[in-house]
1. Between ALA93 and PHE58, what FRET efficiency comes out of the Förster formula 1/(1 + (r/R0)^6) with R0 = 30 Å and r the beta carbon distance, rounded to 0.05?
2. Using the Karplus curve 6.51 cos²θ - 1.76 cosθ + 1.60 with θ = phi - 60°, what ³J(HN,Hα) values do you get for each residue of segment 35-51, in whole Hz, with x for Gly and Pro?
3. Given labels modelled 7 Å from the Cα in the Cβ direction, how far is it in nm from GLN36 to ARG69?
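Each value in this text was obtained by applying a stated rule to the coordinates, not by laboratory testing. Since the model is a prediction, treat every value here as computed from it, not as a measurement. Methodologically, a virtual Cβ is constructed for each residue, glycine included, from the backbone with ideal geometry; neighbour enumeration extends over all protein chains shown.
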Amino acid sequence: MPDIHAFLSALRELHPDMPRWGLHGGCFLVYLALKQVFPQAEPWYDGDHVLTKIDGAFYDIRGEAQPHRHVRMDPLCFNRAYDWQMPAMTAEAAMREVSHG
């Protein structure tokens, strides 16, 4: 299995703004990148930030992260989170998108 910390380190090195972007507006896209390498990855939301849960641990662009609040996975939280200019999806479409990655 690939190393999660090494993957996130490589992701941060792609561009000098990547660490900032991954915390301020790009956190859902970080999840999508992790999902490509770690199929078991799940998006979780703590009220203002998307974390990625992989094998019982939470991650964001910085590496392993501890949620500040109780996190919950709610597919509607991610409704077009990565594509703000698009109209919101229906609840059914959002559920399909999250469950099929």
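1. Between PHE58 and ALA93 the formula returns 0.70.
2. 4, 5, 9, 10, x, 7, 4, 10, x, 10, 10, 10, x, 8, 8, 8, 10
3. A separation of 3.1 nm, rounded to one decimal place.
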